Amino acid sequence: MNENSEEKCSIESGNYYFHYLIQNGVCYMTICERSYPRQFAFSYLEELAKEFSMSYGNEVEKRNLRPYAFVKFDTFMQKTKKVYQNTRTQHNLDRLNTELNEVANIMTKNLENVLWRGEGLEKMSSLSDQLRYESQKYKKSARDLNLQLLLRKYGPLVFIFVIIILVLYWRFWWY
């Protein structure tokens, strides 16, 4: 196992499953019979990870750890193991129901977000259509304003030039 390994994984070996969880550089592992629910095994490992992180989180990164530095954690592991040994206990069923409710809530929020994004996409589409229409209108207005500016700037000169040409034409060609 290394940094690129799966965070949660179950490995089958005969009549047993090896379940492991990697969090914050620590690997938590348990061996369960094939009939033991996977969800309970990972719930057990997550509870161990949470408690270990709270108790020894800063000490894990130290380089000069002595063997069995966390032996005091065994008491918590044994107490927690007793709770999880009987899969039918009310505590485990309540925990599973809580986790299922949390998953249902997360899925509901995800669906609401997807629906909101759909509405947002429709709104963005209508706004982009409106922006395209407004930009075409602006382009036409800018072209008209440029033409008016050219007429105001060079119109009198062109008018005077045309009058002079007409006068010269009339004077030299008609007489």
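The values are calculated or read from the model by the stated rules, or taken from the named source; none is laboratory data. Keep in mind that what you see is a predicted model, and the values were worked out from it rather than measured. With ideal geometry, Cβ positions are generated from the backbone for all residues, glycine too; neighbour counts draw on all protein chains shown. What goes into the accessible areas is simple: the full protein's heavy atoms, side chains included, and nothing from ligands, DNA or RNA. Shrake-Rupley method; radii C 1.70, N 1.55, O 1.52, S 1.80 Å.
Summary table
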quantity	calculated
Cα long-axis angle, helix 90-174 against the chain (0 to 90 degrees, to the nearest 10)	10
Accessible heavy-atom area order of Trp116, Trp170, highest first, probe of 1.4 Å	Trp116, Trp170
Note, ³J(HN,Hα) from phi for the range 29-43, Karplus 6.51, -1.76, 1.60, rounded to Hz, x at Gly and Pro	9, 9, 10, 10, 5, 4, 7, 6, x, 4, 4, 5, 4, 6, 5
Highest-MSF residue in the chain out of Ala69, Ala49, Ala142 [GNM, Cα springs under 10 Å]	Ala142
The range 3-100 - percent relative contact order, Cα under 8 Å, separation 6 or more	19
Percent RCO, i.e. relative contact order, over the chain, from Cα pairs under 8 Å lying at least 6 residues apart	10
Probe 1.4 Å, protein heavy atoms only - accessible area per residue of the chain in square angstrom	86
Helical contribution to [θ] at 222 nm, DSSP H n ≥ 4, -39,500 (n - 2.57), averaged over the chain, rounded to 500	-24500 deg cm²/dmol
13 Å beta-carbon shell around Ser53, net charge (K/R +1, D/E -1)	-4
Shape call, the chain: gyration tensor on alpha carbons, a/c limit 1.5	prolate
Within a Gaussian network of the chain (alpha carbon springs, distance under 10 Å), most fluctuating of Leu21, Leu127, Leu149	Leu149
Summed residue charge, Cβ within 14 Å of Tyr44's Cβ, Lys/Arg positive, Asp/Glu negative	+2
Full-extension gain in nm, Glu122 to Arg38, via 0.36 nm per residue minus C-alpha separation	26.0 nm
Label-point separation in nm, Leu65 to Glu102, each point 7 Å along Cα→Cβ	2.4
